[in-house]
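Have a look at the structure below before the remarks.
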Amino acid sequence: MSRPAGAPGWAEFAWPELGRPELAGPVLVTGTDTGVGKTVVTAALAAAAGSAGLRVAVVKPAQTGTDSGERGDAAEVVRLAGPATALTLAEYPDPLAPLVAARVAGLPALELSAAVDAVRAEAERHDLVLFEGAGGLLVPMGVRPSGEAWTVADLAMLLGAAAVVVARAGLGTLNHTALTLEALHRRALPACVVIGAWPDEPEPVHWTNLTELLPRLAGVVPERVGGFEPGVFRRSAPGWLAPPLYGVLDDWRSWAAAVAS
């Protein structure tokens with residue numbers, strides 16, 4: 001499948017709302033849904049920023065599904081990217097939304113103030129703090145002092161964070177991505193999009209979706225790279241991301257030609 005014609009280059013992408021060319025401080029990594037590749041993208045961001053000389057921390061506010069025996073998200077980022085610091089604030093056994101998982105397990109829900117304090121503390125000691133949500137932007141994460149639920153959107157607002165939205169490449173992604181970006185825009189949170197699993201053999205729908213996402217697109221991570229040997233992953237990560245994310249992918253046309261060849 002040949003690439004779409006007339007697509008702009010990465011150099012035309014910018015975040016005027018940020019007032020700086022690259023991300024720093026607290027940054028939310030969220031997704032349009034669960035299973036879109038947030039953890040691998042978080043690892044890619046950490047690896048690229050680390051390669052650029054930044055001291056990086058990764059914070060997972062809540063990890064669910066711990067009874068599965070699988071490696072947690074923070075541990076997976078450590079394996080792939082080796083950030084300076086990685087921590088998980090709360091863990092729950094069932095693979096559910098964090099607040100729901102806390103209630104089902106009879107465990108304390110994560111308080112919003114605790115999450116804010118933890119990310120701010122890491123921001124004092126690191127150049128970049130990536131905090132990865134669970135599922136999508138508005139998943140209930142824990143409780144406020146009032147007892148009401150909070151989301152990673154609330155956390156990002158309190159931290160003054162920018163957001164990286166991880167999206168699918170396939171059918172349905174345009175609507176899901178637009179809804180997530182609209183919710184971030186309403187909260188005055190600057191955001192970009194990274195495709196979390198670009199297929200080895202892209203079909204027309206993947207190319208057309210990518211073209212539609214270009215105005216906010218800042219990276220394309222290939223599928224299955226989570227299985228890479230860590231050294232290969234860290235060397236490769238900058239090539240998947242645009243310069244605002246500490247990558248070297250600054251020419252869309254060359255990237256698309258290489259992928260389509």
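The values are calculated or read from the model by the stated rules, or taken from the named source; none is laboratory data. If you're wondering where the values come from, they're calculated on a predicted model, not measured in any experiment. With ideal geometry, Cβ positions are generated from the backbone for all residues, glycine too; neighbour counts draw on all protein chains shown.
So which of G160, G147 ends up being without any contact (Cβ under 8 Å) to a residue 40 or more places away in the chain and at positive phi? Break it down stepwise before answering.
On the way: G160 fails: without any contact (Cβ under 8 Å) to a residue 40 or more places away in the chain.
Within the list G160, G147, the selection yields G147.
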Residues of segment 68-102 being over 18 Å from the mean Cα position of the chain (by Cα), surrounded by fewer than 16 Cβ atoms within 10 Å (Cβ to Cβ) and assigned to a helix (DSSP H, G or I), which ones? S68
When you look at P140, is it in a loop (DSSP other than H, G, I, E, B) and at pLDDT below 95, yes or no? no
Filtered residue count, segment 172-207, keeping only those that are β-branched (V, I, T) and at pLDDT below 95: 0
For segment 230-238, indicate whether the set of residues that are at pLDDT below 95 and of a type outside the set (K, R) is non-empty. no
Filter result for the condition that a residue is closer than 29 Å to A218 by Cα and touching a helix residue (DSSP H, G or I) at 6+ places or on another chain (Cβ under 8 Å), over V36, V78, V27, V41: V27
In segment 32-67, how many are surrounded by 24 or more Cβ atoms within 10 Å (Cβ to Cβ), of a type in the set (S, T, N, Q) and either part of a loop (DSSP other than H, G, I, E, B) or modelled with pLDDT under 95 (or both)? 2
Of those in segment 173-193 that are without any contact (Cβ under 8 Å) to a residue 40 or more places away in the chain and assigned to a strand (DSSP E or B), the residue farthest from L138 (Cα to Cα) is V193
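Tell me, which residue of segment 138-175 that is of a type in the set (D, E, K, R) and surrounded by 15 or more Cβ atoms within 10 Å (Cβ to Cβ) is nearest to P98 (Cα to Cα)?
In the first step, residues of segment 138-175 are kept if they are of a type in the set (D, E, K, R); the result is 144, 148, 154, 168.
Now narrow it down to the ones that are surrounded by 15 or more Cβ atoms within 10 Å (Cβ to Cβ): 154, 168.
On the way: D154: 15, R168: 22 Å.
Once the filter is applied, the top-ranked residue is D154.
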